[in-house]
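Here is the structure we will look at, set down as structure tokens.
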């Protein structure tokens, strides 16, 4: 058996080292790529779709000449994803790209034969999307986060700012079935670090008020948000509530730090989406998704909002500022 840690160390060459199967591509054929995405409000302004398209162009794919994209947005409504996934399957796309966990679940339920490439997904093994990282089998492959490692890093970063941190509230979308795996990993890490967790499950906008009132009563010292489309779309309400509590917030989405969260530690999403395009390229050239190793994003970003730190009266260690990819003044 191969450990996750050892496996990730072998991925530097990853897909690029795989044997070429370009001869399987049919000359003159225009391939059809189905793209299932939760919300264009968090995609288009950040250039995420463009990053995916750029990844295809880098590999010789020119839209309208050798491929077309059938794009479906759920506009942040996860209950629409099954319907949209089924629609893409009926269009007989050659590969179905599903962005975020709920979209992958919908795609998995919609087809067991069309190749599925997942992107921006939490722990794919722990949540049961694939059985193995090195050889996922079935019709699903793509990129995933290994939550224990990422969560440890996020809590370590909070501890650098708050060395005596002992009580952390965790806000998560309980309606997202994949978040249960992420939450369990987060709880395990917190226990090892001696941190008490207060769980704040939310399912709809009306749950925020009670969640933050509970965090206030329990004197939470910081907030960790398990990101997904729901918490992203409603981040302004979350950040407004956090500001009233006057506690630091750790997010796993870059834009939240830009909008006022103290700190974000996140995968570089454009880079991850360009890697997603690499999977599409391999599959359209004949590779089987079950034979392509699932890959963890190799680039992570640390963003610190110094303006928020000053508002909270927090001194950010110079060593942490030096390591940050971006410091928002």
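A short reminder: the numbers here are calculations on the coordinates, not readings from a lab. A quick note: this is a predicted structure, and the numbers were derived from the prediction, not measured. Here the Cβ is made from the backbone with ideal geometry for all residues, glycine too, and neighbour counts use every protein chain on show.
Here are the numbers:
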{"read-out": "Kirkwood Rh (inverse of mean 1/r, distinct Cα pairs), segment 127-231, angstrom", "value": "15.0 Å"}
{"read-out": "Calculated SAXS-style log₁₀ I(q)/I(0) at q = 0.26 Å⁻¹ - segment 172-218, Debye, Cα scatterers", "value": "-0.99"}
{"read-out": "Calculated [θ] (222 nm, deg cm²/dmol) that DSSP helices of n ≥ 4 give over the chain, each run adding -39,500 (n - 2.57)", "value": "-11000 deg cm²/dmol"}
{"read-out": "Column: log10 I(q)/I(0), Debye, Cα scatterers of segment 184-324, q = 0.12, 0.13, 0.19 Å⁻¹", "value": "-0.61, -0.70, -1.20"}
{"read-out": "Antiparallel bridge percentage (DSSP; both residues within segment 248-329; nearest 5)", "value": "50 percent"}
{"read-out": "Per-residue Cβ neighbour rank within 10 angstrom, fewest leading, 91, 96", "value": "91, 96"}
{"read-out": "Extended-chain gain in nm, criterion 0.36 nm per residue less alpha-carbon gap, residue 199 and residue 162", "value": "11.3 nm"}
{"read-out": "Compactness of segment 109-152 as Cα Rg over 2.2 N^0.38 Å, two decimals", "value": "1.18"}
{"read-out": "Helix axis angle, 235-245 relative to the chain longest principal axis, alpha carbon, degrees", "value": "20 degrees"}
{"read-out": "Peptide ranges 248-255, 174-181 listed from the most packed, as the mean C-beta count within 10 angstrom indicates", "value": "248-255, 174-181"}
{"read-out": "Antiparallel %, DSSP beta bridges [both residues in segment 189-329], to 5", "value": "40 percent"}
{"read-out": "Segment 59-183 pair-distance distribution - Cα-Cα, 10 Å bins, rounded %", "value": "11, 36, 30, 16, 7, 1"}
{"read-out": "Likely footprinting exposure, 109, 234, fewest C-beta neighbours within 10 Å first", "value": "109, 234"}
{"read-out": "DSSP bridge orientation in the chain - percent antiparallel, rounded to nearest 5", "value": "10 percent"}
{"read-out": "Taking the C-alpha atoms of the chain, convex hull volume expressed per residue in Å³", "value": "127 Å³"}
{"read-out": "Cβ-based exposure ranking for 232, 31, in which fewest neighbours within 10 Å come first", "value": "31, 232"}
